[in-house]
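S.K.: Below is one structure. I have some questions about it.
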Amino acid sequence: MQEVLEKEKERHRCALKLLPFFVTSEELSNSTHSKRRLDVRKLQALKVLVVRQFPLECTTEKDKVWKSIKDKINSKCSLNKHK
C-alpha cells in the first residue's frame, strides 16, 4: 500500500489502485449488481489516505475531488461486474 502512495502522482489513480486494499472484487461486483453501496467506513478510510497524500486547502475543493473519485470508483464497479 505504501508503495502505491509513494509512486502514484494523481489522486484518482491512487484511489483506484488502493481500492483493492479496502474492498474485495466481490464487493465491487455486488455493489453494482445489487445496487448496494460500498461500505462507507471503507471508503472513508480510503478518502483519508488519498486526502492525506494529496492535501487540498479548501473543503469545497476536497468535496469536488472526492465526488469525482467516487464516480471513478462506481465506474470501476460497473466494469468489474462485466468481467
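The values are calculated or read from the model by the stated rules, or taken from the named source; none is laboratory data. Keep in mind it's a predicted model, so treat the numbers as computed, not measured. All Cβ positions, glycine included, derive from the backbone under ideal geometry; neighbour counts span all protein chains shown.
S.K.: Taking region 45-78 on its own, how many of its residues are of a type outside the set (D, E, K, R), without any contact (Cβ under 8 Å) to a residue 24 or more places away in the chain and surrounded by 12 or more Cβ atoms within 10 Å (Cβ to Cβ)?
M.R.: 5
S.K.: Among the residues of region 50-64, is there at least one that is over 14 Å from K76 (Cβ atoms), more than 13 Å from the chain's Cα centre (by Cα) and of a type in the set (A, V, I, L, M)?
M.R.: yes
S.K.: Right, something else. Looking only at region 1-40, how many residues end up being within 12 Å of the chain's Cα centre (by Cα) and without any contact (Cβ under 8 Å) to a residue 12 or more places away in the chain?
M.R.: Qualifying residue count for the region: 3.
S.K.: Here's a follow-up. Residues of region 4-23 being at pLDDT below 85 and not hydrophobic (A, V, I, L, M, F, W, C), which ones?
M.R.: E6, the sole residue that qualifies.
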